[in-house]
Amino acid sequence: MYKWLMSILLVVAIVLGGSVLYQNISDRQAAAEQEKKDAGSTLKIVASNFQFDQAEYKVKKGEKLKVVFSNKEGLHAIEIKNLNVKLDKENPSQEVTFDKPGEYELHCALMCGVGHDKMISKLVVTE
Ligand SMILES: [Cu+2]
């Protein structure tokens, strides 16, 4: 009788332990996948004196992106021509879906100094 009870308990313990472990793994997998998704859906634009961190930013048509702007040096703002994207220090992110393929001018939208006019990059929306 005692032996029988012990083996039942043992089986219960194994099943419980196994399901907790499984739950843990699948939770972690889900979190990792979500993280990947988040990372993939952000377009980061960093400004310094007097340029942006990339001369050309590429995005895919139809992809919903969170455009995040930040200043690494100096005080700047951005505007993407014809796309109604305007970001600055107070309003640094915006969710955008780029629908029309093409090349768009991305420039500094805040008079920041002598190099202001040179702060122009390109945003390319590909099919
Ligand atoms: Cu500027």
Being among the small types (Gly, Ala, Ser), within 14 Å of the chain's Cα centre (by Cα) and farther than 25 Å from Cys112 by Cβ narrows it down to one residue among Ser70, Ser26, Ser7, Ser41; which is it? Ser41
Sort through Val68, Val114 and tell me the only one that's surrounded by fewer than 16 Cβ atoms within 10 Å (Cβ to Cβ), in contact (Cβ under 8 Å) with a residue 12 or more places away in the chain and within 14 Å of the ligand (Cβ to nearest atom). Val114
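Each value in this text was obtained by applying a stated rule to the coordinates, not by laboratory testing. All values derive from a computational prediction rather than experimental measurement. Cβ sites come from the backbone with ideal geometry, for glycine too, and all protein chains shown count toward neighbours.
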